[in-house]
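The values are calculated or read from the model by the stated rules, or taken from the named source; none is laboratory data. In this text the structure is predicted, and so the values were computed from the model without any measurement. A quick note on method: Cβ atoms are made from the backbone with ideal geometry, for glycine too, and the neighbour counts reach across all protein chains shown. We work out accessible area using only protein heavy atoms, side chains counted, and drop any ligands, DNA or RNA first. Shrake-Rupley method; radii C 1.70, N 1.55, O 1.52, S 1.80 Å.
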Amino acid sequence: MPVNQPRNPQPPRPNRPVKTDSAEAAVPKPYELVAFPTQPPKLEHPIGHDKFRADRLHGTIHLILKVKTAVHVSTGIVALGEDVKQRVPLIKTMIQGNSQTLMIPGSSLKGVVRSAYEAITNSTLAVVTKRYERDMPPERFPCRDKKRLCPASRVFGALDWQGLVQFADAKCEKAESVTGFMPSLYRPRPDQRKAYFISGKAAGRKFYYHAVKAVSGGDRGIPVQQAGTEYTFSTQIHFKNLSAAELGTLLIVLGQDDKHPMALKVGGGKPIGMGSMTVTIQEIERVQNLRDRYTSYQSPEADRLTEAALQKFIADVIKAAHKDLVLSPQLQQLADILKWPTDRTAPEGMY
C-alpha cells in the first residue's frame, strides 16, 4: 500500500449540492481556506536526533503571549462555580496549573502553530479523521514513513518521529480567571460551502478570522472559565537541529515577519472571535559552543540574543525561510486571515 494512502480507500465524493437557505447565505462565514499547493509535498529523510549538528540551529525561544480576545482552553469538565471562585452555579473549566493559575498546554500551542506551518509550506496534514478520509487529496494524508517526511513533519513530528521542537506549557501571569458566556456553536458543515471542495476533494486548510471582540452568549450562553483581554502567558519553545529556513518559518507563524503580521488563534470559541493572542519574543537563547554551554551553570552572554541582536537574527532566518521554504501565495492567504490588528467583527447568529 502506498505510504500516504488511507487504510480503507473510498471512492472520491462527487460534487454535492450546497444546502443553504437565504438566512444562512446572508451571514458571512468567520473563516476562509488556505489552498493546498498544486504540487505534492517533497518527502525527505529527517536530520536525526543522534547529535547536535554544527551546521544547524539549537536553543530556546522565550516568548510572551498576550490575550486580545478571551481565551478558553477547556478541560472537558463542568464544575461548581464556587470551586473555581466564580459566581455561577456551573461552569466549564479551563486548564490550571498546580498554583491554580490558568495554563495553556504546550500540546495545544504546538497544534495551533503546526497547522499554520503546514499551510505555508508544502506539507501533509498532521491528522485526518476517518469521517473526512474520502474528502482529502491522497498526497495530503499524514506521513507514515519516518524516513520520508514532509517539511512540517520533519520539524513537529510524525509517526515514530519525535520532531525537533518542544513547546512548554504557557503559564498565566495573573492568579485569577474570569467568567465568560459562550453561545452554542454548530458542528463543522463542509457540505454547505462550495469553497470547501474542488472536484470532490478538499480545497485547503480552514482558519478562522480574528475579530476586534468576541461575541457573548449573554444570559443564554454557556458559562466558561477564561483568560480575559490583556492577560499574559509566558512560555518557551525548545529547538534543535533546525535549519535557518525552518526556524524562520516558525517565527513567521509566531507573527514576527513585519510584512505579514499575524496573531495566533488558540482554544475554543474561534467562530465567535475568541482565542486571539499576539506573540512577543523576549529573547532567543542560542546554543553555539556546545562544550561551554554544557560545562557551565549559566549560558554565555553571547548566546542570549536580545534587542538589536535578536531583531537581526530574526530578520536573517525569516529571509532564509522566504528563500527556501515558505510558499508566498499560501503565506499571503494565511496572513490575510490571521492579520493583527484587525477591524473585523465576529458574526452573530450563524457559526
How many residues are exposed (fewer than 14 other Cβ atoms within 10 Å of the Cβ) and aliphatic (A, V, I, L, M) if we restrict to segment 124-146?
-> 1
Of the residues HIS45, HIS49, which single one is at pLDDT 95 or above, open to solvent by 20 Å² or more (accessible area, probe 1.4 Å) and more than 23 Å from the chain's Cα centre (by Cα)?
-> HIS45
Residues satisfying the stated conditions in segment 242-268, i.e. open to solvent by less than 10 Å² (accessible area, probe 1.4 Å), closer than 14 Å to LYS66 by Cβ and not β-branched (Val, Ile, Thr) = LEU254, ALA263
Might you check whether a residue that is more than 24 Å from GLY267 (Cα to Cα), part of a strand (DSSP E or B) and open to solvent by less than 10 Å² (accessible area, probe 1.4 Å) occurs anywhere in segment 82-100?
-> no
Taking the residues in segment 319-351 that are within 11 Å of HIS260 (Cα to Cα) and among the hydrophobic types (A, V, I, L, M, F, W, C) as candidates, determine which candidate is surrounded by the fewest Cβ atoms within 10 Å (Cβ to Cβ).
-> TRP340
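Anything in segment 133-149 that is under 21 Å from the mean Cα position of the chain (by Cα), in a loop (DSSP other than H, G, I, E, B) and not hydrophobic (A, V, I, L, M, F, W, C)? List them, or say none. Reasoning before the result, please.
Narrowing segment 133-149 to residues under 21 Å from the mean Cα position of the chain (by Cα): 136, 140-143, 149.
Keeping just the survivors that are in a loop (DSSP other than H, G, I, E, B) gives 136, 141-143.
Within segment 133-149, PRO142 is the sole residue that qualifies.
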Residue list for segment 202-220, restricted to those being more than 24 Å from VAL266 (Cβ to Cβ) and modelled with pLDDT under 90 = ASP219, ARG220
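Among the residues of segment 13-25, is there at least one that is modelled with pLDDT of 85 or more, touching an Asp or Glu at 6+ places or on another chain (Cβ under 9 Å) and over 19 Å from VAL224 (Cα atoms)? Reasoning before the result, please.
Narrowing segment 13-25 to residues modelled with pLDDT of 85 or more: none.
Within segment 13-25 (the criterion being modelled with pLDDT of 85 or more, touching an Asp or Glu at 6+ places or on another chain (Cβ under 9 Å) and over 19 Å from VAL224 (Cα atoms)), the answer is no, since none of the residues qualifies.
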